[in-house]
Amino acid sequence: MSMKLLVLGLLMEGDKHPYEIRQTIKQRNWDESFKLRDGSLYYAVDHLRADQLIEAAEIVPTASENRPDKTIFRITEAGKTEFLRLLYVQFGQSSYPQQPIFLGLPFVRHANADLIISSIEGQIANGVARLERLHHILAIKGEMLPKGSFMMIKGFIRFGEAERLWLEDLLALARSGELFEGSKWTAEQIKEYQKLMKECQKRPKA
């Protein structure tokens, strides 16, 4: 997820303070798909300003002496060009699965089975709760949303449903104990496989 694209895209709609950008993301429920870190948001704003892609539209004084003045930002013409570039780049990116469990699965045989089972159950429960929230959002906001936003939330739901089915398969394997089994290949079979792969790599490509 490109934080710069997110900031520029929301400023295409109108001038905003970083806090307002943050609140807009939450109000539109985009944080159901990605983690919103305030540090990343303000870092992106600082860089966009330094690159003259956004600029101060208004400085609003604050009542407290201990708080800085509130800066409202607007997108520049260069920012609009960069926004479109980032948008097209985003649409051209290849997708890679991001489920956090993936990275740990090759090593799961070394883990405590009960702790892993509990973690998977927690993932399923969290996913089900998130799906319920997303269905509720579409039921309330569906007809009011721009089609792009509607399809984004629909995408969250479809991916979430597929993830839940996969997690349920994983949980069944964990409960049966199969998930924690090591390789069933013998040392000879592994050597034979490695030899075969080397021969395949030497063959000329068609």
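The values are calculated or read from the model by the stated rules, or taken from the named source; none is laboratory data. This structure is a prediction, so every number in the text was calculated from the model and none was measured. In this analysis, Cβ positions are derived from the backbone assuming ideal geometry, glycine residues included, and neighbour counts consider all displayed protein chains. Side chains are part of the model used for accessible areas, which takes the heavy atoms of the whole protein and leaves out ligands, DNA and RNA. Shrake-Rupley method; radii C 1.70, N 1.55, O 1.52, S 1.80 Å.
Quick notes on this structure:
- Label-point separation, Lys80 to Glu20 (7 Å along Cα→Cβ), nm: 1.9 nm
- Just the protein heavy atoms count here, and of the accessible area of region 75-206 at 1.4 Å, carbon and sulfur take up 59 percent.
- Percent RCO, i.e. relative contact order, over region 59-180, from Cα pairs under 8 Å lying at least 6 residues apart: 27 percent
- Restricting the calculation to Cα atoms, every distinct pair contributes to the Kirkwood radius of region 26-170, found to be 19.2 Å.
- Ordered from highest to lowest accessible area with the whole protein assembly present and a 1.4 Å probe, Tyr19, Tyr43 read as Tyr43, Tyr19.
- Projected label points at Ala50 and Trp166, each 7 Å from Cα along the beta carbon direction, are separated by 3.6 nanometres.
- Cβ-based charge dipole, region 149-206, positive-most Cα from Leu173, Thr186, Pro204: Pro204
- Estimated inter-spin distance, Ala113 and Thr186, nm [label 7 Å along Cα→Cβ]: 2.7 nm
- Spatial separation of Cα centroids for region 11-35 and region 149-166, in angstrom: 20 Å
- Value at 222 nm in deg cm²/dmol, rounded to 500, when DSSP H runs of n ≥ 4 in the chain each add -39,500 (n - 2.57): -21000 deg cm²/dmol
- Cα centroid of region 177-205 to Cα centroid of region 87-108, whole Å: 25 Å
- Protein heavy-atom accessible surface, 1.4 Å probe, per residue over the chain: 72 Å².
- Annotation: amide H of Thr71 within the under-5 Å range of Val60, sequence separation 5 or more or interchain, hydrogens built in the peptide plane.
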